[in-house]
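Worksheet: the structure to be examined is printed underneath.
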Amino acid sequence: MPHPIAEILTITLNPALDMSTAVESVRADEKLRCDAPVLDPGGGGINVARAICRIGGTATALVALAGFRGQQMAALLKDEGVPTVAFSLAGETRLSLAVSDRHADTQYRFVMPGPVWTDTDLERLLKQLQQTITPEMHVVLSGSHPPGVPVAFPKMLAEVTRHKNASLTLDTSGAALAVQTSAEGAAPDILRLDHAESQTLAGRPLSSLSDVAQFARMLVKKGHAGAVILALGAEGSVLAVENTLLHAITPPVPVVSKVGAGDSFVGAFALARATGADWSAALRHGTAAASAAVMSPATELCRDSDLRALLPQVSITQL
């Protein structure tokens, strides 16, 4: 009998409408004629949901949206077929502008500020999450925190998911990540970090696979997460859970853009777990998706055909 597919909910508190364009050369004090802009919905949780939909799954994206740019974001997600639940805010959703200089082969990135959250906004969000999250649901909180949202919000969310008998995957950075090593509050079921975040959290270089594996094992042993995934870029990923320590890697692939690899990993990993895959199989899917993502432009995330081709090539080693 096939395993029932659990619902997946991604949460993006600080989305950005990504606008990209190009000019022949960036010069000061001149009116620069730009190419037609390309608009994409941006933000960690949004990209996780987009990746899941691109590889044949379904995920609902709960997104904090404000103003006209928030409406544009909702329309873009609808066009992509990503089910969306809007959390409405005052103000305007962030705009991220990327301008490529063709002559110098460089890119300039400008990120505008978004809404500042109030205590009332946070209370409304927690109430909405209580109503939206259901038992057995796989919840993914990914991306940066907007101003006004406390760094302990992931622990607040972990309390909600634990009470609802749902699971939480956390992929964040900065102060919101640092607070996860506090003994206070609930811990996520799955914590994912890239290599730089791992070293920052460890407070020391993690220069070998053994260093990475032992740090991941320590985080699980101390109860900071039920499972920990440490990404190593081209060197794959390490997964620590209970008494299991795994390393997964694909053969080298042509790199077009490294942007979106982490979100693609989380999307494929979450989808695999939601369909009943064990830890090793989910790690295989996540690793293949991350490698598939770097083979395509950033806005495309991972392609399903590339993921399927890479799946049997993933090497998994017990550490």
>> Exposed loop sites here are trypsin sites (Lys or Arg not before Pro) in DSSP loop states with at most 14 other C-beta atoms within 10 Å. What is the longest stretch of the chain lacking them?
In response: 103-221
>> To check you understand DSSP bridge types, tell me what percent of the beta bridges within the chain (both residues inside) are antiparallel, rounded to 5.
In response: 45
>> Please compute the length gained on full extension between residue 68 and residue 196, using 0.36 nm multiplied by the number of residues separating them and subtracting their Cα-Cα distance.
In response: 42.6 nm
> Label points 7 Å out from Cα along the Cβ direction at residue 116 and residue 234: separation in nm?
Replying inline: 4.4
>> Which residue fluctuates most in the GNM of the chain (Cα springs below 10 Å): 231, 178, 16?
In response: 178
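Loop by DSSP (not H, G, I, E, B), at most 11 other beta-carbon atoms within 10 Å: where is the longest site-free stretch of the chain for GluC sites (Glu not before Pro)?
Excluding the exposed sites themselves, the longest stretch runs over 31-183.
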> Mean residue ellipticity at 222 nm from the helices of the chain, using -39,500 (n - 2.57) per DSSP H segment of n ≥ 4 over the full residue count, to the nearest 500 deg cm²/dmol?
Replying inline: -11000 deg cm²/dmol
> Check residue 8: other-chain or 5+ apart residues with amide H under 5 Å from its amide H, H built from backbone geometry?
Replying inline: 60, 138
>> Run the paramagnetic zone check for residue 313: 7 angstrom along Cα to Cβ, then residues of the range 256-288 with backbone nitrogen under 12 Å.
In response: 288
> Which of these, 294, 99, 241, has the largest mean-square fluctuation under a Gaussian network model of the chain (Cα springs below 10 Å)?
Replying inline: 99
> For residue 108 and residue 181 in one chain, what is 0.36 nm times their gap in residues minus the Cα-Cα distance, to one decimal in nm?
Replying inline: 22.8 nm
> What ranking do 224, 247 get, fewest neighbouring Cβ atoms within 10 angstrom at the top?
Replying inline: 224, 247
>> Can you tell me which lysines have their Cα less than 23 Å from the Cα of residue 221? Leave out same-chain residues fewer than eight positions away.
In response: 155
> How many nm separate the modelled label positions at residue 257 and residue 90, each set 7 Å beyond the Cα in the direction of the Cβ?
Replying inline: 3.5
> Calculated from the structure, Cα extents along the principal axes in Å equals which of [x] 61, 47, 45; [y] 67, 49, 39; [z] 73, 45, 33?
Replying inline: [x]
> In terms of Cα to Cα distance under 19 Å, which aspartates and glutamates are near enough to residue 258, apart from those fewer than 8 places away along the same chain?
Replying inline: 18, 40, 105, 171, 194, 197, 235, 300, 304, 306
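Each value in this text was obtained by applying a stated rule to the coordinates, not by laboratory testing. Computed from a predicted structure; not experimentally measured. Every residue, glycine among them, receives a Cβ derived from its backbone with ideal geometry; neighbour counts consider all protein chains shown.
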